[in-house]
Amino acid sequence: MLKRLSLAATVLAAATAPAAAHLDPLEHGSLMAGVSHPLFGLDHILAMVAVGLWASQIARAERNANALWAVPAAFVGTMALGFLAALAGMNLPFVEPAILASVIGLGLLVSLAVKLPVPVSAAVVGIFALFHGFAHGGELGSAGALQFGIGFVAATALLHAVGIGLGLGISRFAPAVTRLAGAVTALLGLSLVFG
């Protein structure tokens, strides 16, 4: 019983901690800063893994393995465009609220096992990705942008692969667990709104 309470307290503490991915821009500019950036923010981790989970659900439901690469690739590609747009000095309103909405929205898509055609699913994640990429570029400035960009793209792809692996593995034995993971993602995203 004590172990369960300790685990629950740890999960709640993590859920209410502010996202720590947004580092001092002076510390950015290296490949490793780019790699570490998505790995240290709960909002980033939840959204990226949820993309992979949803891609695996779509691939299974549609019997279309293309979803396994097309949906995450749409996210990564559009995220890179958002990054470049921020570096170019373009303006995009509501970046942080859109990122939080992406965590909640992607969690809900997974929890409800929403089945959309692959191109539509790719467009949905692409919209969310634009804001994630813009946030990365907006924080960075111009120093070391290429190295940082390569790093965060690689880390994002890795998190998508984790989600796909989890989704494919879980769906063989207990598809409802994937949906539960989506619900938890949405709830944690909601906690970030009020955290």
Legend entry - Among 88-100, 122-134, 33-45, the order from most to least packed when residues are scored by Cβ within 10 Å on average: 122-134, 33-45, 88-100
Legend entry - Column: log10 I(q)/I(0), Debye, Cα scatterers of the stretch 29-194, q = 0.09, 0.18 Å⁻¹: -0.27, -1.03
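From the Cα gyration tensor of the stretch 82-146, with a ≥ b ≥ c the square roots of its eigenvalues, which class applies: rounded if a/c is under 1.5, or else prolate if a/b is larger than b/c, or else oblate? Write down the numbers at each step before the final one.
On the way: a/c = 2.96, a/b = 2.18, b/c = 1.36.
It comes out prolate by the Cα gyration axes.
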Inset, instruction - For each of T78, T156, count neighbouring Cβ atoms within 10 Å of the residue's Cβ, then give the residues from fewest to most. - result: T78, T156
Inset, instruction - Work out from phi, with θ = phi - 60° and the Karplus expression 6.51 cos²θ - 1.76 cosθ + 1.60, the ³J(HN,Hα) of each residue of the stretch 160-166, listed in order in whole Hz, and give x for Gly and Pro. - result: 4, 4, 4, x, 5, x, 4
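Rule-based calculations on the coordinates, nothing more; no lab input. This is a predicted model, so every value here is computed, not measured. Using ideal geometry, Cβ is built from the backbone for each residue, glycine included, and neighbour counts are taken over all protein chains shown.
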